[in-house]
Amino acid sequence: MSLINNLVEQLINGLRTGSIYALIALGYTMVYGIAKMINFAHGDIIMVGAYALYVFAALLGLPVPVCILLTIIVCAVLGITVERIAYKPLRNAPSLAVLITAIGVSYFLQNVALIIFKATPIPFGSVIKVPSIKIGGIHISGITIVTLIVTVIAMAILTWFINKTRAGSAMRAVSEDKGAAALMGINVNKTISMTFAIGSALAAVAGILFICQYESLSPTLGALPGIKAFVAAVLGGIGSIPGAMLGGIVLGIIESLSKAYISTQLADAIVFGVLVVVLLVKPSGLLGKMKAEKV
Amino acid sequence: MALLEVKHLGISFGGLRAVDDLNMSIEQGSLVGLIGPNGAGKTTAFNLLTGVYAPSEGTIVLDGESLVGKAPTEICKSGIARTFQNIRLFTKMTVLDNVKVALHNHVEYSLAESFFHLGKFSKREKEMDERAIDILKVFDLDGQADVLASNLPYGKQRKLEIARALATEPKLLLLDEPAAGMNPNETQELMDTIQLIRDKFHITILLIEHDMKLVSGICEYLYVLNFGMELAHGEPAVVLNDPKVITAYLGE
């Protein structure tokens with residue numbers, strides 16, 4: 001019985017970690033879909049979100065809902081700003097130039113955080129205080145419950161927005177054919193800005209949930225979840241929104257089970273091993289579609 | 001004054017003069033053809049008119065407004081819409097969404113609005129659905145509103161492209177080889193549709209076409225391009241019997 005309980009608890013842990021990966025992976029996949037670039041600075045938006053929450057909650061002492069809202073706004077604005085300054089001038093540049101720029105932005109954000117907040121990790125207790133529950137001997141922490149609920153709501157809103165609204169249609173149209181979209185009167189720049197804003201807002205949510213879980217701030221805290229979420233996005237099929245959701249959850253569960261039953265040290269290696277296997281077996285990802293080249 | 005005034009329009013790609021000294025004057029409500037042999041610069045002329053390329057020289061004035069230097073999105077908003085020689089629909093979107101996304105919207109949507117004014121927002125979305133369906137009805141596509149654009153048969157994809165262009169509420173509609181790849185029955189149907197939309201939507205149409213039956217059947221005026229230059233212009237009956245034009249098409 002305790003074996004099964006343990007397994008269920010590990011699966012729930014995996015769902016929690018996976019939810020955070022999924023939220024981040026959505027940003028990668030949406031930006032890839034529309035701008036055909038991997039935004040490697042995306043993970044650092046999580047870090048900025050975590051520090052922003054710390055500033056608003058611990059230093060300024062604002063009420064929690066206000067802090068959360070402000071954090072989301074800060075990240076969305078940061079996402080738009082990074083796109084305008086760093087990526088927009090490179091819209092027609094080779095993808096390698098954009099990739100290197102994204103890495104540059106990532107280091108820039110980390111170092112700005114290093115200058116402001118120093119390298120010593122800052123302890124920061126969770127702002128979300130929900131009691132944990134016990135169902136039939138299975139212990140589920142409050143932050144896990146909040147993470148799962150928030151993720152489900154965020155994904156539902158995003159799916160509705162992309163499929164049912166005109167703004168969402170514009171995003172799909174731009175991701176398919178920028179030129180035709182522009183000729184149909186769609187403002188391509190505005191649509192791309194909006195994509196970065198939404199992706200960064202989701203990263204902010206992920207950052208808040210992440211920091212409430214780990215309770216320690218450092219300038220590189222976004223790097224590892226960022227890169228794992230990228231793996232999740234590739235696993236699910238980069239460019240596919242349901243793929244990012246699925247990829248995140250699957251990766252979280254693999255990580256959690258590896259930690260529990262194989263080795264804590266090897267868990268990360270297994271996660272990245274999954275990326276290698278996926279690239280070998282199904283390069284387009286679980287839900288990605290292979291594009292047949294017309295000859 | 002004419003709806004579209006094009007004067008001395010030209011563009012070079014390196015040493016190639018793709019369009020040279022093109023002059024056109026298109027009256028409001030007319031149905032005009034732009035013809036010429038392959039490589040004559042017809043599609044390039046469309047690309048200049050829609051802002052895909054910036055002209056090296058010349059002026060484009062639509063309804064009193066200069067379009068030179070404007071981006072494609074702005075030109076679309078000014079009132080020129082087009083279709084493409086090779087169909088460029090949003091294939092992963094439904095027929096309805098293809099039209100809806102192009103709908104001319106006097107009130108710009110914003111992200112905040114879509115999240116915070118849900119009531120007003122959903123009402124607006126519903127209005128747009130209705131407008132899109134109205135346009136689809138003209139092309140007999142309303143029954144397939146929820147079908148993915150890529151799953152439509154070829155002839156219907158061509159029609160959907162015209163429907164999508166009309167959704168932007170253009171003053172001038174540019175059709176790039178609308179009958180390409182169609183059989184004679186489909187071409188006949190297309191001719192009826194083109195005339196119908198001109199009358200129903202009160203717009204001006206400029207079309208590129210190789211199908212001479214279509215050109216002589218519905219165009220009221222023709223411009224002929226050859227090697228980027230204007231070879232002739234006038235009424236179809238005159239132009240199509242012009243020895244210069246016949247030579248350009250058939251050779252000496």
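The values are calculated or read from the model by the stated rules, or taken from the named source; none is laboratory data. Being a predicted model, the structure only gives us computed values, none of them experimental. Methodologically, a virtual Cβ is constructed for each residue, glycine included, from the backbone with ideal geometry; neighbour enumeration extends over all protein chains shown.
One line per residue, one yes/no per condition, for (1) within 17 Å of A:Gly237 (Cβ to Cβ); (2) touching a residue at least 40 places away in the same chain (Cβ under 8 Å); (3) within 20 Å of the chain's Cα centre (by Cα):
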site: A:Ile249; (1), (2), (3): yes, yes, yes
site: A:Ile253; (1), (2), (3): no, yes, yes
site: A:Leu266; (1), (2), (3): no, no, no
site: A:Val271; (1), (2), (3): no, yes, yes
site: A:Val277; (1), (2), (3): yes, no, no
site: A:Lys282; (1), (2), (3): yes, no, no
site: A:Leu287; (1), (2), (3): yes, yes, yes
**Study point:** Unmet criterion (only one of (1) assigned to a helix (DSSP H, G or I); (2) in contact (Cβ under 8 Å) with a residue 60 or more places away in the chain) for A:Leu96
**Key:** (2)
Review point. So which of A:Lys164, A:Lys178 ends up being more than 9 Å from chain B (Cβ to nearest Cβ) and among the charged types (D, E, K, R)?
Key: A:Lys178
Check your understanding: Among the residues of region B:75-119, which ones are part of a helix (DSSP H, G or I), modelled with pLDDT of 90 or more and facing chain A (nearest Cβ under 9 Å)?
Key -> B:Ile75, B:Cys76, B:Lys77, B:Asp97, B:Asn98, B:Lys100, B:Val101, B:Ala102
Practice item. Would you check if there is a residue in region B:90-110 being surrounded by 14 or more Cβ atoms within 10 Å (Cβ to Cβ), touching a helix residue (DSSP H, G or I) at 6+ places or on another chain (Cβ under 6 Å) and among the acidic types (Asp, Glu)? Key: yes
Point to revise | Residue in region B:175-197 that is within 14 Å of chain A (Cβ to nearest Cβ) and touching a residue at least 40 places away in the same chain (Cβ under 8 Å) present | key: yes
Revision key, fill the gap. Within region A:183-203, the residues that are more than 12 Å from chain B (Cβ to nearest Cβ) and among the aliphatic types (A, V, I, L, M) are A:Ile192, A:Leu202, A:Ala203
**Study point:** Residue in region A:204-215 that is farther than 20 Å from B:Leu148 by Cβ, within 11 Å of chain B (Cβ to nearest Cβ) and in contact with a strand residue (DSSP E or B) (Cβ under 8 Å, 6 or more places away or on another chain) present
**Key:** no
Point to revise | Condition broken by B:Leu141, with the remaining ones in (1) within 13 Å of chain A (Cβ to nearest Cβ); (2) crowded, with 16+ Cβ neighbours inside 10 Å; (3) touching a helix residue (DSSP H, G or I) at 6+ places or on another chain (Cβ under 8 Å) satisfied | key: (1)
Check your understanding: Which fully enclosed helices (runs of 4 or more DSSP H) of region A:130-216 have 1 or more residues being surrounded by fewer than 19 Cβ atoms within 10 Å (Cβ to Cβ) and acidic (Asp, Glu)?
Key -> A:166-176
Study note, to complete from the structure: Looking across region B:190-219 at residues that are touching a helix residue (DSSP H, G or I) at 6+ places or on another chain (Cβ under 8 Å) and of a type in the set (D, E, K, R), the single one that is surrounded by the fewest Cβ atoms within 10 Å (Cβ to Cβ) is B:Lys200
Point to revise | Subset of region A:34-56 [surrounded by fewer than 22 Cβ atoms within 10 Å (Cβ to Cβ) and over 29 Å from A:Ala167 (Cα atoms)] | key: A:Tyr54, A:Val55, A:Phe56
**Study point:** Check on A:Val31, surrounded by 20 or more Cβ atoms within 10 Å (Cβ to Cβ), over 27 Å from A:Val152 (Cα atoms), in contact with a helix residue (DSSP H, G or I) (Cβ under 8 Å, 6 or more places away or on another chain) and of a type in the set (A, V, I, L, M)
**Key:** no
Practice item. Looking only at region B:52-59, decide whether some residue is part of a loop (DSSP other than H, G, I, E, B) and of a type in the set (Phe, Trp, Tyr). Key: yes
Check your understanding: Looking at B:Lys213, B:Lys244, which one is among the basic types (Lys, Arg) and more than 17 Å from B:Pro37 (Cβ to Cβ)?
Key -> B:Lys213
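Of all the helices (runs of 4 or more DSSP H) wholly in region A:1-82, which have at least 2 residues that are under 18 Å from A:Phe124 (Cβ atoms), free of Cβ contacts under 8 Å to residues at least 40 places away in the same chain and among the hydrophobic types (A, V, I, L, M, F, W, C)?
Fully inside region A:1-82 and qualifying: A:64-82.
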Check your understanding: Taking the condition on the phi < 0 side of the Ramachandran plot, part of a loop (DSSP other than H, G, I, E, B) and aliphatic (A, V, I, L, M), does B:Val68 pass?
Key -> yes
